[in-house]
Structure formats: C-alpha cells, structure tokens
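The values are calculated or read from the model by the stated rules, or taken from the named source; none is laboratory data. Computed from a predicted model, the values in this text were never measured in an experiment. Glycine also receives a Cβ, built like all others from the backbone with ideal geometry; neighbour counts cover every protein chain displayed.
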C-alpha cells in the first residue's frame, strides 16, 4: 500500500504542474486538512480544513505568479505517509522565487487527508518516525 501512496502523491504533483485544479481536487478527501508546521508562513499557521478550502488556498497561492511548478527532489515512503522534499518555483507578475520545503502527505483509503508543511527536512522525517 505504501508504494501506491507514493504514486498517488506523484500524480497529485503532476496535476499541480499541469495546473489542473479539478484533477488535484480528486486526490484529497472531503475532510482534508493542511497544517503549516513552521513560523513565518504568509498565510499564517492555522490549519486549512476541508477539500474546498484546500483548493481555494492553492488557487489563491497560484494567482501570485504567471507560472509556477512544484518539483519533487525526493519521495520517502513512510507507510501511510509520504515525505516529499520539494522546490516550488514561480515566475511572472509577482516576485520570482525558489522555495525549498518538505511536505508530509498522510493518506487514508487512497486519498490525502493530512498535509503538513515543514521548512526543515529532518523535522519532517522525525514527524513520521524517521531520521536522515
């Protein structure tokens, strides 16, 4: 099941990079939650609850740039969770940027139900009981 979870997350990245928000929506449970696990995040550190709210947050974030991409550096299988070290790049009418962070996706019944964001990769690994 865990390799299947890695493939689900990989396909979610593909949907993001294709700017197919409707396809991306299908990877999330209706009760999905995003939890930023770092200080200084522009949208704050309160959780985003519910698939519709998650997609609205993503759409809002994407409005800043003419083009953006999420480039996975590595996928770490952690059973029900997948740890993805990522570079998010944006170009266009907002400031150009390259941001490296780590996202922990926890899946249930083939859908993402918890997404946790970390600046620090070792901290993300610790969150799922792993170390570098």
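Can you tell me which residues in region 85-102 are assigned to a strand (DSSP E or B) and either farther than 14 Å from residue 75 by Cβ or over 12 Å from the mean Cα position of the chain (by Cα) (or both)? Correct list: 88, 89, 90, 91, 97, 98, 99, 100, 101. Scoring residue 130 on the criteria (1) in contact (Cβ under 8 Å) with a residue 24 or more places away in the chain; (2) assigned to a loop (DSSP other than H, G, I, E, B); (3) touching a strand residue (DSSP E or B) at 6+ places or on another chain (Cβ under 8 Å); (4) farther than 21 Å from residue 3 by Cα leaves a single failure, condition (4). In region 73-93, the residues that are in contact (Cβ under 8 Å) with a residue 60 or more places away in the chain and at positive phi reach residues that are surrounded by fewer than 19 Cβ atoms within 10 Å (Cβ to Cβ) and outside any strand (DSSP E or B) with C-beta atoms within less than 6 angstrom, at least six apart or across chains, in these pairs: 79/2. Remark: pairs (first residue in region 46-59, more than 8 Å from residue 34 (Cβ to Cβ); second residue exposed (fewer than 13 other Cβ atoms within 10 Å of the Cβ); Cβ separation under 6 Å; 6+ apart in sequence or on different chains) = 51/30. Here residue 85 qualifies as closer than 25 Å to residue 132 by Cα and touching a strand residue (DSSP E or B) at 6+ places or on another chain (Cβ under 9 Å).
For region 27-43, the tally of residues that are in contact with a helix residue (DSSP H, G or I) (Cβ under 9 Å, 6 or more places away or on another chain) and surrounded by 13 or more Cβ atoms within 10 Å (Cβ to Cβ) stands at 8.
Exactly one residue among 6, 82 is in contact with a helix residue (DSSP H, G or I) (Cβ under 7 Å, 6 or more places away or on another chain) and more than 12 Å from residue 117 (Cβ to Cβ), and that residue is 82.
Screening 73, 55 for residues that are part of a helix (DSSP H, G or I) and modelled with pLDDT of 95 or more leaves exactly one candidate, 55. Restricting attention to region 15-26, and to residues there that are under 15 Å from residue 105 (Cα atoms) and out of contact with any strand residue (DSSP E or B) (no Cβ under 7 Å at 6 or more places or on another chain), which single residue is surrounded by the fewest Cβ atoms within 10 Å (Cβ to Cβ)? It comes out as 26. For region 103-126, the criterion of being under 14 Å from residue 5 (Cα atoms), assigned to a loop (DSSP other than H, G, I, E, B) and at pLDDT 95 or above is met by at least one residue. Of all the numbered requirements in (1) at pLDDT below 95; (2) more than 17 Å from residue 115 (Cα to Cα); (3) under 14 Å from the mean Cα position of the chain (by Cα), residue 17 misses one, and that requirement is (1).
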